[in-house]
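Presented below is the structure to which this report refers.
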Amino acid sequence: MLVVFILGYTLIAFEHNLKIDKAASALLAGSLCWAIFALGLFEIDINSDNFGKFLTYFQTKDLNYTSEFIAQNLEYVKKNFVLYELSHHLAEIGQILFFLLGAMTIVELVDAHQGFSVITDRIKTNNKVKLMWILCVLSFFFSATLDNLTTAIVMSALLTKLIEDKKDLWLFAGMIIISANAGGAWSPIGDVTTIMLWIGGQVTAANIITSLIVPSIVCMIVPLIYLTFKLKGNIERPSDSEALEHIMNPTTPFERKFIFFLGVAGLLFVPVFKTVTHLPPYIGILLSLGVIWLTTELLHRSKNYEAKSELTVIGVLKKVDVPTIFFFLGILLAVASLQSMGHLNDMAIILDNTFDGNIYAINIIIGLLSAIVDNVPLVAGAMGMYEIGNGVFAVDGKFWEFLAYCAGTGGSVLIIGSAAGVAVMGILKIDFIWYVKKISFLAFIGYIAGAITYILIQ
C-alpha cells in the first residue's frame, strides 16, 4: 500500500511533466490501496481503536468476536472490517465532495454572469506597488469568502486583462498564490484543508477566524513589504478584450450585481447555517445552491433557450472542474486506506519521538511538506494520526489551529504545493524553476513570520 501510495504521489507531483492529469493518478492510487487492503494481507490488532470501534458497531464484542472466533474465521472478520472502514471513511469524504461541488457551482454561476466585474472594473491604477497591494488584499479576502482555488482562477483571469509583460504577470501571480493561500487558512470555507478540519469537528468557524486571521495577514504582508522596496515603475496593460462567452451571453448591470451579491451571501450563509442547525456544512451549501438555482431560473425565464443556456446552473455545470472533485476523492480514499491499515498512527509515533511531542515543530514540518506534495492528504493524514481529545488536541486546540495555518500557507513555497498554485501554473504557464527562484523565498519568509506570530500571541 505504501509503494502504491508513493507512486501515485509521484505521478501527481510531476503531473505537468508527464502530461497525466493528477485526478487519474489519485483515483488509481486510492482504488488500488483499498484493493490491496481488501485482499486481507494484514494482521488484525484486536486491541487497536479502529478494531474496537468495529466490534462496538456490530455489538458483538462479548459474543462472537472473541479471540478464538477471530482466529477461526479470520477471512470473514477481515472482510467485514474492511467494508466497515470503507463505509466509515466514505461518509466523511462524501461531505467534503458535496460541499466542494456546491461551492464551485455557485462561483461558476457568478462568473458566468460577469459578477466579478463588480470588483475588477474599479481597479484603475497602473503603479506596480499600488496594484500589487490592491490585488493581494483582494485575493486575501476573496479567498476567505470563496476559497483559494476559485480565487486563484478568478484572479489569474483578471491578471491577463491588467498586465501585458509575462515576467510582471508571473510575479503578480506568485503573490496572488501566497495571498490566496493565506486568506484561505483563517476562513472555515477558504481552503479545502480548513474545510476538512471544520467538517471533521477539530475546529469551529468562529474560533478559527479569530485565532488565525492575524498570522495569516502577517504571512501576506511580510512578502508584500519586501516587494514594496523592490518594485519600480508601472505595468503595461494589454489591449482591451472581452471574453467570447460574455459577448455571446451578455448580462445587464443589475444581473451582474444581483448574482454577485447573492452568490457571496450564499457562501457566507454556510457557517451561520451550521452554527444554528448543527448540520454538516454541505447541507448549507446545497441550500444556498438551491436558492441561487431557483433565482436564476426565474431571472432568465423570459429569455430564449440560447440566451439563457449559459446563465443557469444546468449550463454552468459543464464548466465545473469535475477532475478536481475526482482528485480529492482519489487522494482522500488513498489516505483513508493508510489510516485504516495503521500507517498513519506509526507516522504519528515517529513525529512525536523525533520532535519530542512539540506540536509547533510537527506542524511547521507538515506545512513545509505540503509544498512538496498536496496539502489535502497531509491534513487528512494528520487527522488520522491524532484523535480529538484533551489539551492541545481538543476541539479548537492549538494543534488543530496551527495545522490549519501551516497546511494552508506552507504549500505556497512551491507552485505545485497547493491547489491554487497548480491552477495558476496551468492557466498562466508559469515555469516551475522560475517560481523557485523568484517566489519561493517570499513565500517562505511569509510562512515563517506568520508561524512565529501565531506562537507568540498564544
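Can you tell me which residue among Gly184, Gly174 is under 24 Å from the mean Cα position of the chain (by Cα) and more than 30 Å from Pro281 (Cα to Cα)?
Among Gly184, Gly174, only Gly174 is under 24 Å from the mean Cα position of the chain (by Cα) and more than 30 Å from Pro281 (Cα to Cα).
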Exercise. Can you find a residue in the stretch 112-125 that is of a type in the set (Lys, Arg) and at pLDDT 85 or above?
Worked result: no
For this session: Go through (1) surrounded by 22 or more Cβ atoms within 10 Å (Cβ to Cβ); (2) over 21 Å from Ile12 (Cβ atoms) and name the single condition Phe399 misses.
Result: (1)
Exercise. Can Ala394 be described as among the small types (Gly, Ala, Ser), at pLDDT below 90, out of contact with any Leu (no Cβ under 7 Å at 6 or more places or on another chain) and more than 22 Å from Asn353 (Cβ to Cβ)?
Worked result: yes
For this session: Scan (1) within 22 Å of the chain's Cα centre (by Cα); (2) over 14 Å from Tyr282 (Cα atoms) for the single condition Ile93 breaks and write down its number.
Result: (2)
Problem set entry | Matching residues, the stretch 276-285, being hydrophobic (A, V, I, L, M, F, W, C), part of a helix (DSSP H, G or I) and free of Cβ contacts under 8 Å to residues at least 60 places away in the same chain | Val276, Ile283
Problem set entry | Test set (1) assigned to a helix (DSSP H, G or I); (2) more than 23 Å from the chain's Cα centre (by Cα) - Ile365 fails condition number | (2)
Exercise. For residues in the stretch 73-119 being over 23 Å from Val270 (Cα atoms) and among the aromatic types (Phe, Trp, Tyr), which is surrounded by the most Cβ atoms within 10 Å (Cβ to Cβ)?
Worked result: Phe81
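Restricting to the stretch 189-217, give me the number of residues that are small (Gly, Ala, Ser), over 22 Å from Ile439 (Cβ atoms) and modelled with pLDDT under 90.
4
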Seminar exercise, completed: Selection over the stretch 186-198 where residues are closer than 13 Å to Phe402 by Cα and not in a loop (DSSP other than H, G, I, E, B) yields a count of 3
Exercise. Restricting to the stretch 199-228, what's the tally of residues that are in a loop (DSSP other than H, G, I, E, B) and touching a helix residue (DSSP H, G or I) at 6+ places or on another chain (Cβ under 9 Å)?
Worked result: 3
Problem set entry | Count - residues of the stretch 293-342 that are at pLDDT below 80 and part of a helix (DSSP H, G or I) | 7
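So which residues in the stretch 1-19 are hydroxyl-bearing (Ser, Thr, Tyr) and without any contact (Cβ under 8 Å) to a residue 60 or more places away in the chain, if there are any at all?
The initial filter retains those residues of the stretch 1-19 that are hydroxyl-bearing (Ser, Thr, Tyr), namely 9-10.
Thr10, the sole residue that qualifies.
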Exercise. Which one is farthest from the chain's Cα centre (by Cα), of the residues in the stretch 277-311 that are surrounded by fewer than 19 Cβ atoms within 10 Å (Cβ to Cβ) and of a type in the set (Val, Ile, Thr)?
Worked result: Thr295
For this session: Identify all residues within the stretch 223-262 that are of a type in the set (Val, Ile, Thr) and either modelled with pLDDT of 75 or more or in contact with a Lys or Arg (Cβ under 6 Å, 6 or more places away or on another chain) (or both); write none if there are none.
Result: Ile225, Thr228, Ile235, Thr251, Thr252, Ile259
For this session: Test each condition in (1) surrounded by fewer than 21 Cβ atoms within 10 Å (Cβ to Cβ); (2) at pLDDT 85 or above for Gly357 and report the one that comes out false.
Result: (2)
Exercise. Would a scan of the stretch 146-164 turn up a residue that is under 20 Å from Ile416 (Cβ atoms), modelled with pLDDT of 90 or more and in a helix (DSSP H, G or I)?
Worked result: no
For this session: Hey, can you tell me all the residues within the stretch 262-276 that are crowded, with 20+ Cβ neighbours inside 10 Å and aliphatic (A, V, I, L, M)?
Result: Leu262, Leu267, Val270
Exercise. Name the residues in the stretch 382-434 that are farther than 26 Å from Lys167 by Cα, within 13 Å of the chain's Cα centre (by Cα) and hydroxyl-bearing (Ser, Thr, Tyr), would you?
Worked result: Tyr405
For this session: Using the structure shown, decide if Met220 is modelled with pLDDT under 90 and out of contact with any strand residue (DSSP E or B) (no Cβ under 9 Å at 6 or more places or on another chain).
Result: no
For this session: Would you tally the residues in the stretch 120-148 being surrounded by 24 or more Cβ atoms within 10 Å (Cβ to Cβ) and closer than 22 Å to Glu310 by Cα?
Result: 1
Exercise. What pairs come up if the first residue lies in the stretch 259-275 and is more than 14 Å from Ser187 (Cβ to Cβ), the second is outside any helix (DSSP H, G or I) and among the small types (Gly, Ala, Ser), and their beta carbons are under 7 Å apart, counting only those six or more places apart or on different chains?
Worked result: Ile259/Gly115; Phe260/Gly115; Gly263/Gly115
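The values are calculated or read from the model by the stated rules, or taken from the named source; none is laboratory data. Keep in mind that this is a model prediction, so the values were computed, not measured. All Cβ positions, glycine included, derive from the backbone under ideal geometry; neighbour counts span all protein chains shown.
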